[in-house]
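Data first, discussion second: the structure below is written as structure tokens.
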Amino acid sequence: MTQVLTIILGGGKGTRLYPLTKNRAKPAVPFGAKYRLVDIPISNSINAGFKKIYVLTQFNSASLHLHLANTYIFDSFTRGFVEILAAEQTFDHASWYEGTADAVRKNIHHFKTQKPSHYLILSGDQLYRMNMADFFEKHVQSNADITIAATPVDREAAEGFGIMKADKKGRVTSFLEKPELGLDINEMKIPESIHPDEEMKRFGREYLGSMGIYFFKAEALEEALESNFTDFGKEIIPQMIKNKRVQAYIETGFWEDIGTIKNFYETNLNLASINPKFNFYDERMPIYTHKRDLPASKFNYCSISQTLTGDGCVITNASIQNSVIGIRTFIESGSSLDGVVCMGADWYETPADRMENKEKRIPDIGIGRGTLVKRAIIDKNARIGEGCRIGVDSITREDGDHGMYYMQDGIIIIPKNAVIPPGTVI
């Protein structure tokens, strides 16, 4: 009987997304005004009917656990689940996950109890919508031990990918991890007979870049993990190419790794553009998230363009463009936001809370009157006082930790629960 078990790799410390990962696991980082990063791979799996899902993580998993418990609740007829497996000490091993393959190996005893025929392995920090049912069908038809999802990339982009060479039937014959630009890899170009997109070819996207998404036969994965290899891309896959049938599944739809601050920021803002690269508005393959039953957002005398807003916001007499505004965000009169990813808040402050804020001389949660913000990420529950100027003045800003804020790739990051006093200039 065919039984697919999905494993989502939640990553390690998430240092490339710090400080957004300071208090939460990477898959729990808010995204797109109302989602979390982990919603993307989970939704792709569920839409294909693969509803037995494990999420592997080892850092700051509390908020992730809460999100999953409140969101992915299957009825008794579905026989599905979404569960976290955090790194744990046992009599067999006391160390943390040392790589993608090591994380799966250390949990294989949990997976075997589900008696899967196949494993689907996904990453927790990518944005895409893939027909996993078609992916699985092609995997079964080819009788491959492992099928690797691949996206066509050009030579410059190939430097950041594992590049695969495939024959005319799509069988992978060699694998090269992140080839430097000076290296000649012309022999690894996609054969004409299997390249699926003429426009991509015209733009030089002629190499197969591994997306870090795999279908394994159960016995093939379990056998491959009877080794000391710790990483799929660098070790497991090159080894399997030598003695197993490895197939490529070429995916031409939008796909983006959002594991860095720059990619996270730019990908968020692209969602608010007139013609975004990723379409959240596809009812056939929805992206699921926690249903909060929040009220509709309210805008009082505002100028808003190319902006996404989550539920439950109250925005008054503000100018907002090219931005993403998360749930429960309060923006007061006279404020201006340009190129801002604001994650919103976890709760509404009551009148009593606001009175207490005045007594403590701290701003309310949200963005105060007359505050100007440009090219910034504002994490959840931040309190930004009135009359602040963030990112709008021509001053030198060096990357690093600056106390009440961070700089990364020229982007200002206001961390979760930060308090920015009135009149602050950043």
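Asp293 falls short on exactly one of the conditions (1) at pLDDT 95 or above; (2) more than 21 Å from the chain's Cα centre (by Cα), and that condition is (1).
Do we have Glu283 as surrounded by fewer than 19 Cβ atoms within 10 Å (Cβ to Cβ) and outside the structural domain of Ala149 (by TED's automatic domain parsing) here? Yes.
A residue that is of a type in the set (Val, Ile, Thr) and surrounded by fewer than 23 Cβ atoms within 10 Å (Cβ to Cβ) cannot be found anywhere in region 25-34. The set of residues in region 192-241 being of a type in the set (Val, Ile, Thr) and either outside any loop (DSSP other than H, G, I, E, B) or crowded, with 19+ Cβ neighbours inside 10 Å (or both) consists of Ile213, Ile236, Ile237, Ile241. When the criteria are applied in full, Glu359 fails the requirement of being part of a loop (DSSP other than H, G, I, E, B), surrounded by fewer than 22 Cβ atoms within 10 Å (Cβ to Cβ) and either touching a His at 6+ places or on another chain (Cβ under 8 Å) or in the same structural domain as Gly339 (by TED's automatic domain parsing) (or both).
Specify which of the listed residues (Gly385, Gly334, Gly370, Gly366) is touching a Phe, Trp or Tyr at 6+ places or on another chain (Cβ under 7 Å) and at pLDDT 95 or above. The match here is Gly366. With a requirement of 1 or more residues that are within 24 Å of Ser43 (Cα to Cα) and in contact with a strand residue (DSSP E or B) (Cβ under 9 Å, 6 or more places away or on another chain), the strands (runs of 3 or more DSSP E) lying completely within region 290-355 that satisfy it span 303-309, 319-325, 336-342.
In region 404-417 there is no residue matching the filter, namely being acidic (Asp, Glu), assigned by TED's automatic domain parsing to the domain that holds Thr316 and surrounded by 15 or more Cβ atoms within 10 Å (Cβ to Cβ).
All conditions in (1) touching a Phe, Trp or Tyr at 6+ places or on another chain (Cβ under 9 Å); (2) under 24 Å from Ile412 (Cα atoms); (3) of a type in the set (Gly, Ala, Ser) hold for Gly312, with the sole exception of (2). When Gly212, Gly204, Gly162 are checked against the criterion of being in contact (Cβ under 8 Å) with a residue 40 or more places away in the chain and in contact with a helix residue (DSSP H, G or I) (Cβ under 6 Å, 6 or more places away or on another chain), a single residue qualifies: Gly162.
Among the residues of region 1-41, those that are closer than 18 Å to Thr267 by Cα and not in a loop (DSSP other than H, G, I, E, B) comprise Arg16, Leu17, Lys26, Pro27, Ala28, Pro30, Phe31, Tyr35, Arg36, Asp39, Ile40, Pro41. Across region 168-191, the qualifying residues are those that are of a type in the set (S, T, N, Q) and in a strand (DSSP E or B), and the one among them that is farthest from His139 (Cα to Cα) is Ser174.
The values are calculated or read from the model by the stated rules, or taken from the named source; none is laboratory data. Bear in mind that the values here come from a model prediction, so they are computed numbers and not experimental data. Because the Cβ atoms are built from the backbone with ideal geometry, glycine has one as well, and the counts that use them run over all protein chains shown.
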